[in-house]
Structures are given as C-alpha cells and as structure tokens.
1. Go through (1) 18.9, 59; (2) 15.4, 51; (3) 16.1, 54 and flag the label whose value is the computed Rg and Dmax of the Cα atoms in Å for this structure.
2. What is the set of long-range amide H partners of Val76 at a cut-off below 5 Å, with H atoms built 1.01 Å from backbone N?
3. Can you tell which of Gly66, Ala134, Thr41 lies farthest toward the positive end of the dipole of the chain, using +1 and -1 charges on the Cβ of basic and acidic side chains (Lys, Arg; Asp, Glu)?
4. Which distance in Å, rounded to a whole number, links the C-alpha centroids of the range 24-63 and the range 120-165?
5. At 20 °C and a viscosity of 1.002 mPa s, what translational diffusion coefficient does Stokes-Einstein give for the range 125-179, taking Rh as the Kirkwood radius over Cα pairs? Give it in µm²/s as a whole number.
6. Only residues of the range 68-82 count here: report those whose backbone N is under 13 Å from the spot 7 Å along Cα→Cβ of Asp58, or say none.
7. What is the calculated FRET efficiency for Thr159 to Ser29, with r their C-beta to C-beta distance and R₀ = 45 Å, to the nearest 0.05?
8. Taking amide H positions as placed 1.01 Å from N in the peptide plane, with prolines and chain starts having none, which residues 5 or more places from Ile22, or on another chain, fall under 5 Å of its amide H?
Amino acid sequence: MACMTRYVALLRGVNVGAHRRIAMADLRSLLTGLGYTGVATHLQSGNAVLEAGGAGPDAVAAAIRGAVLDGLGHDVPVVVRTARRWRAAVAANPLEVPDPSRFLVLFSSQAWDTEALGAVDLSAYPHERLAFTATEVYTGHRDGVRFAALPDAVAGCTTGAVTARNWRTVVRLLEMVER
C-alpha cells in the first residue's frame, strides 16, 4: 500500500461573483474520481483537503486543474500544500491577528521573491501590515480585506498563481488536514 500524504488544495477565484461557479459537491466528486481519498471541502471558495499517494504537491495541483477544466469547464489555478507545510505556515505567522476576517495569508504556486517583497513601500499602505517568510505572505487590513490594496501589490512578487485565504479559513483548514 502506497504511503498517503495529506494535502490542502486551494482553487483560485471560484464562486466569486457569477464567474467560475463550482459546487463543492461537484468538486468533492471530481477529487474522489481522481483517486484521492479523505476528500472534504470547506466553504464555497474552493478549499479542499485530501489524501494522495505517490504524488507531490505540484502533480496534485496539475491533476486538479486539468480535471476541473475537463470536467467542469473552468481553467482554475490551483495551489497545493502538504499538511506539514500548511502547519508550518500557520506556525510561522509573525503578525498579531486581532480580527481573523481582516487578515490574509497569500499562497503562491511558485517561490516568492523575498527581495522584492522586502522592497514593497509600506508607506503607500498605511492601514495594512505585511510580513513574509520564504513560502507565504501575511497581510493585515485595518479597514477590511474588501479595501485591501497590498495583496495585489505583493502578488507581483512571484511568477506563480497567487490565492489568499483569511486567517479563520487557514486555521479551519489546518484543523481539517490534521484529522
């Protein structure tokens, strides 16, 4: 029996407005059809936890993206993290989180350019905070994420697809992947 690895999969930009609508039941069915086990989704924004054997995060992301395109007709970037890396991202958060709904973690499918992140002029974003590690970016938004400009600015600091989740969702996905 192959060793199974737990993953968190984040689909970028699904169920935002009227575009790229994907029912989570359809996503669970699609992931199960790919041979993944322990599939569970959270909210309606393309968050899934699953187990896969013999595949790394990039292969899982590519398989999910291809299946969503073929099966549901949407070309959706997918960012995948192992349970271990997800746990490390939560533990590495260097910022205080006074309101989880006003705090985002940005995940990229490629490495972040930490030099470019360090050069972001934070004075242009007086109501926002930024911290980062080599693998994730953390942003706080006093006025709420609806008015946040910093995530768009830092998204240019990677060549990969970027997707963000609020802290409440990040912590909930950690609970789910740890089961």
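1. Read-out taken from this structure: (3).
2. Leu69
3. The residue sitting farthest along the positive end of the dipole is Thr41.
4. 27
5. 171
6. Once the point is set 7 Å along Cα→Cβ of Asp58, 80 turn out to lie under 13 Å by backbone N, inside the range 68-82.
7. 0.90
8. Asn15
Values quoted throughout were computed directly from the atomic coordinates according to the rules given, and no laboratory measurement underlies them. These numbers come from a predicted model, not from an experiment. Here Cβ is always computed from backbone atoms with ideal geometry, including for glycine, and neighbour counts include all displayed protein chains.
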